[in-house]
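Below: one structure, written as structure tokens.
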Ligand SMILES: [Zn+2]
């Protein structure tokens with residue numbers, strides 16, 4: 001059984017705002033399916049005594065003191081932006097939503 | 001005919017749910033050292049971390065964790081011994097990373113409650129609001145939609161983003177479903193947000209300014225037919241930005257839903273926006289379901305696992321609960337219910353308490369702050385506390401108590417301090433407002449009054465005590481109102497053999 005359907009891939013593409021052709025969807029659905037099956041095999045190896053982990057190192061409670069560090073200048077902050085205006089990042093009109 | 005609120009309540013039972021977002025007042029953002037100062041020039045408080053630039057790594061603000069634990073403890077929650085951050089993925093330019101760091105299935109605080117009191121037809125009643133969770137996340141940036149006429153997204157040609165706010169520590173406090181509030185649902189919602197705001201303020205963890213957006217409320221409500229035992233479909237009204245609006249939004253939404261149900265229409269699970277002018281709501285953008293956010297554990301952050309001993313240390317520092325404190329002060333100061341409510345509504349409780357702590361009589365302190373000072377504050381449209389300090393008010397009250405000022409003179413001192421003429425002492429000095437307490441000076445004025453009104457003086461000598469009023473008036477006039485009238489009366493009557 002497929003671990004991920006073509007429809008699910010199409011849904012994810014929509015959520016990620018990535019336009020995909022029908023061929024691309026077919027191709028990616030089959031690739032992702034193989035990847036997920038590989039992950040399944042790893043999961044089989046990890047029994048109940050292995051807790052799911054989000055981090056490879058056994059670290060916890062890494063914090064920093066609440067002390068202000070100088071920020072970037074607005075010029076530097078905006079320097080990598082494709083477009084800016086009025087010292088703000090300029091982005092294309094946001095479609096389909098109303099706030 | 002459209003159903004009224006009472007009609008709706010007769011047929012349906014409301015169930016509430018409230019989500020409150022509160023910005024912490026830490027110096028720096030949740031995961032980077034950028035300042036959280038409100039009102040800075042656009043994009044002056046950003047760095048590679050809060051801009052989501054490649055290679056940057058977030059690190060948690062320790063004060064934010066401490067504040068989250070404080071909030072959880074104050075809301076009677078269990079503090080999770082192990083909790084993690086998660087990425088909430090969505091494509092919207094208010095977060096430059098294209099995801100928000102939040103907590104998903106492992107929040108830091110769970111299962112609390114908050115009791116609120118409501119005035120009902122059967123007297124004051126306590127409603128328990130159960131808290132599902134308190135979790136840590138980061139605030140988003142601010143969008144400015146350009147083109148189109150309304151500043152809204154529809155019709156906008158492009159949007160301009162300021163990321164100063166992106167990454168400011170944000171706590172989300174979520175209630176469980178609140179059944180059984182009946183017709184008091186709007187008041188319970190308001191009382192809950194009010195009490196929550198007071199607690200957050202007393203903890204000192206947030207500015208809790210609804211008008212600046214540091215406290216925001218999303219209100220869920222659903223209706224189910226009476227006795228049906230089912231739960232209706234809920235709507236969520238977003239970003240209601242005042243306490244009064246919380247009450248109005250729920251009230252308006254209950255009427256809207258009741259009328260839809262009455263007409264056989266479905267309630268759509270959706271996000272709605274509160275309209276301040278009409279008290280109604282309108283549909284907002286369709287909500288992506290929780291699954292669509294594709295939450296997964298944040299690989300760049302390590303788990304938060306607070307020590308039990310640290311939690312107990314924090315618990316020991318928690319201040320008195322605001323509702324308990326209010327009751328205690330009301331008893332200590334012997335304040336009638338109505339005046340107590342007035343003081344709380346005017347947000348002058350802290351100020352009056354500070355004044356009393358400096359030795360002022362509680363009744364006098366309350367009277368000055370809620371009376372003269374509030375009156376001038378209203379006229380000038382400013383906060384009472386911006387006009388005078390508790391120390392100044394306490395000083396004036398103590399001068400009256402010691403007889404150095406009369407109430408009348410005290411009023412002039414208050415006027416002078418508000419007008420910026422200096423400290424109470426300086427105003428007294430400059431305006432020459434000291435009570436004439438020197439008996440010899442008073443006696444000279446008394447003798448002068450007797451000499452100018454010999455007939456009146458004789459009537460007083462003959463036992464017509466009320467006639468003394470005219471003489472006392474003359475003395476007060478001669479001393480420019482700065483004499484203690486009681487002392488003048490005493491000296492005058494004694495002088496005339498009475
Ligand atoms: Zn930053």
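Readers should treat all values here as calculations from the given coordinates under stated rules, not as data from a laboratory. As the structure is a prediction and not an experimental result, all values here were calculated from the model. Don't worry about glycine lacking a Cβ; one is built from the backbone with ideal geometry, like all the others, and counts go over all protein chains shown.
At a glance:
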{"quantity": "Cβ-Cβ FRET estimate between residue A:35 and residue B:82, R0 fixed at 22 Å, reported to 0.05", "calculated": "0.15"}
{"quantity": "Volume per residue of the C-alpha convex hull in segment B:1-67, rounded to whole Å³", "calculated": "216 Å³"}
{"quantity": "Average beta carbon contacts from partner chains per residue of B:40-53, 10 Å cutoff", "calculated": "5"}
{"quantity": "Rounded to 5, the percent of DSSP beta bridges in the protein assembly as shown classed as antiparallel", "calculated": "90 percent"}
{"quantity": "Tail weight of P(r) past 21 Å, computed on alpha-carbon pairs of segment B:273-374, percent", "calculated": "64 percent"}
{"quantity": "Cα long-axis angle, helix B:243-262 against chain B (0 to 90 degrees, to the nearest 10)", "calculated": "50 degrees"}
{"quantity": "Where only alpha carbons of the protein assembly as shown are counted, the Rg and the Dmax (Å)", "calculated": "32.7, 120"}
{"quantity": "Zero-based 10 Å bins, Cα pair distances in chain A, whole percents", "calculated": "11, 19, 21, 29, 19, 1"}
{"quantity": "Shielding by partners, peptide A:72-82 (average Cβ within 10 angstrom, other chains)", "calculated": "5"}
{"quantity": "Distance between modelled label sites at residue A:20 and residue B:230, nm, 7 Å Cα→Cβ extension", "calculated": "3.8 nm"}
{"quantity": "C-alpha long axis of helix B:439-452 to longest principal axis of chain B, angle in °", "calculated": "60 degrees"}
{"quantity": "Over the protein assembly as shown: helical MRE at 222 nm, DSSP H runs n ≥ 4 each giving -39500 (n - 2.57), nearest 500", "calculated": "-11500 deg cm²/dmol"}
{"quantity": "Kirkwood-based shape ratio for segment A:6-45, expressed as Rg/Rh from alpha carbons", "calculated": "1.09"}
{"quantity": "Along each principal axis, Cα extent of segment B:66-215, largest first, Å", "calculated": "56, 41, 27"}
{"quantity": "Inter-label distance, nm, simple model (7 Å from Cα along the C-beta direction), residue B:265/residue B:415", "calculated": "6.0 nm"}
{"quantity": "Sites residue A:57 and residue B:126, calculated FRET efficiency, Cβ-Cβ separation with R0 41 Å, nearest 0.05", "calculated": "0.30"}
{"quantity": "0 to 90° range, to nearest 10: angle between helix B:407-418 axis and chain B longest Cα axis", "calculated": "50 degrees"}
{"quantity": "Cα Rg, Dmax, segment B:137-289, angstrom units", "calculated": "17.1, 51"}
{"quantity": "Separation between Cα centres of segment B:97-128 and segment A:7-76, rounded to whole Å", "calculated": "31 Å"}
{"quantity": "Bins of 20 Å, starting at 0 and running to the largest distance - Cα pair percent for chain B", "calculated": "18, 41, 25, 13, 4, 0"}
{"quantity": "Translational D in µm²/s for segment B:402-465 (Stokes-Einstein at 37 °C, 0.692 mPa s, Kirkwood Rh from C-alpha pairs)", "calculated": "234 µm²/s"}
{"quantity": "R0 of 56 Å, Cβ-Cβ distance residue B:441-residue B:6: FRET efficiency to nearest 0.05", "calculated": "0.20"}
{"quantity": "Relative contact order, percent, chain B [alpha-carbon distance under 8 Å, six or more residues apart]", "calculated": "14 percent"}
{"quantity": "Reduced Cα scattering model of segment B:206-308, Debye log10 I(q)/I(0), q = 0.09, 0.12 Å⁻¹", "calculated": "-0.34, -0.56"}
{"quantity": "Spatial separation of Cα centroids for segment B:421-498 and segment B:199-267, in angstrom", "calculated": "64 Å"}
{"quantity": "Calculated P(r) tail over 23 Å for segment B:320-431, as whole % of Cα pairs", "calculated": "26 percent"}
